[in-house]
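Asks: Pasting a structure below so you can have a look.
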Amino acid sequence: MRANNKQLKKELTSIHRIIKTSVLFVAVTVNPISYSQTAAEQELISDPVADYMDAIEDIEAGHSAYSTELADLYLGLGKSLHTKREYQNARRAFQQGMQIERVNYGLNSLTQAPYLVSIADTESDLGNWEESQKALDNLYAINAKEYGENDLRMLPVLDQLLDWYMDSYKERTPKGGYSNLVISERIAARIYDVIATGMPLDDPQTPDRYRRLGYLQFFIANHIKQHGEPTESGLTISMAGSTGSRRDATTSHLHFQRGKQALEKVIESLIEQSDSTEVDHALAIAELGDWYLIFGQRHSAAETYQLASDVLETAGNPEQARAELFSTPRMISFNMDKEVQHKSDPKESQLELSMLISPYGVPVEIEVANAPQALTDKMLRDVRRELRDKRFRPKLVDGLAAEASLSMMYDQPTPKG
């Protein structure tokens with residue numbers, strides 16, 4: 001009887017540790033900052049890593065090294081170690097948790113997903129970018145095996161992969177960033193195939209999905225413009241609808257065509273939306289005009305802007321709609337961020353600029369109004385140089401581009417070197 005009581009006490013202690021550690025795992029994962037503050041104030045748990053290891057030891061002693069409960073504990077342990085920047089130990093914890101999932105659910109189980117992403121993050125922190133790619137390739141492979149490459153259920157993992165490579169782009173050298181963009185374009189090609197074959201044009205998600213694929217092409221083209229294209233990388237880009245090699249066309253033209261194709265799909269899908277308006281259609285067409293303009297296709301840009309203006313003829317108040325949309329030049333931006341960019345109050349670090357925007361979207365006669373004393377001649381030259389690389393959607397008068405003045409707040413350029 002005493003032996004039974006002793007065993008029961010041990011099991012209850014083990015269960016208590018698991019529950020305690022599970023609460024810790026949720027708190028640290030969901031809101032690590034607020035949780036750490038609470039823990040510091042209440043001194044409830046002094047060392048998350050020790051608690052995870054105690055819970056793991058109890059489970060292994062009472063059951064086996066491959067008990068299903070251990071997988072989540074190893075994931076939590078890995079995240080705690082990662083927070084402490086103990087990356088190699090974190091990687092081992094993630095790998096052990098993934099191995100437990102494989103033993104219990106199979107080599108191609110989707111339950112491996114969080115471990116693979118965590119391994120990719122940890123390998124990137126260690127500078128092992130090829131190992132990160134292997135983990136993410138495995139993540140794609142198990143999902144493709146489960147659903148099929150062109151199944152709509154592939155979109156969440158493809159989105160996750162694209163976000164990972166775009167988010168980690170800024171952490172890499174120009175050459176490494178180019179490698180990220182090559183992989184991102186391959187992922188985008190797969191997304192394009194999935195939505196083109198399986199997502200109806202009238203699906204509310206369709207316009208934004210095509211729009212983001214188009215913006216990616218500008219991001220890649222802009223990277224190559226700034227840093228060049230590595231010739232020794234050995235990497236190739238595979239994109240739906242592309243044929244031949246880069247020698248058959250300039251890199252810029254390839255990305256122009258791919259982005260144009262995606263933005264045309266935005267227009268097609270908006271037309272099919274039950275709740276879209278003439279204003280929505282006009283803005284999408286004008287964005288295609290922006291695409292032409294920023295790639296130097298001025299004649300096509302002018303024709304497309306004219307079409308955007310004509311579309312508003314059937315709006316409730318055509319002239320008012322045209323004035324609201326096209327009476328003031330707008331800076332062209334193909335931003336990859338998913339978050340909606342809201343207008344904010346001017347910052348102290350911003351400059352108040354005035355300029356003329358030519359019918360071709362080129363800023364000229366750039367001046368600073370109320371220039372601060374700290375603004376040197378060199379800083380002003382940097383502002384002007386940076387702005388001259390920007391393009392603006394011109395003011396439209398009767399559908400035709402016209403010169404117009406523009407006042408705007410603008411962030412000071414970041415000093416180089």
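Just so you know, all these numbers are worked out from the coordinates, no wet-lab data involved. Quick caveat, the model's predicted, so the values are computed rather than measured. Heads up, the Cβs are rebuilt from the backbone with ideal geometry, glycines too, and the neighbour counts pull from every protein chain shown.
Asks: Just one of (1) hydroxyl-bearing (Ser, Thr, Tyr); (2) crowded, with 21+ Cβ neighbours inside 10 Å; (3) in contact with a Lys or Arg (Cβ under 7 Å, 6 or more places away or on another chain); (4) free of Cβ contacts under 8 Å to residues at least 40 places away in the same chain trips up Ser132, so point out which.
Replies: (3)
Asks: Among Ser132, Ser118, Ser80, which is within 26 Å of Ile59 (Cα to Cα), of a type in the set (S, T, N, Q) and either under 24 Å from the mean Cα position of the chain (by Cα) or not in a helix (DSSP H, G or I) (or both)?
Replies: Ser118
Asks: Check the stretch 97-112 and report whether any residue there is more than 21 Å from Tyr140 (Cβ to Cβ), without any contact (Cβ under 8 Å) to a residue 40 or more places away in the chain, part of a helix (DSSP H, G or I) and basic (Lys, Arg).
Replies: Going residue by residue through the stretch 97-112, those that are more than 21 Å from Tyr140 (Cβ to Cβ) are 100, 103-104.
Still in the list and also without any contact (Cβ under 8 Å) to a residue 40 or more places away in the chain: 100, 103-104.
If we keep only those that are part of a helix (DSSP H, G or I) too, we end up with 100, 103-104.
If we keep only those that are basic (Lys, Arg) too, we end up with none.
No, the stretch 97-112 contains no residue that is more than 21 Å from Tyr140 (Cβ to Cβ), without any contact (Cβ under 8 Å) to a residue 40 or more places away in the chain, part of a helix (DSSP H, G or I) and basic (Lys, Arg).
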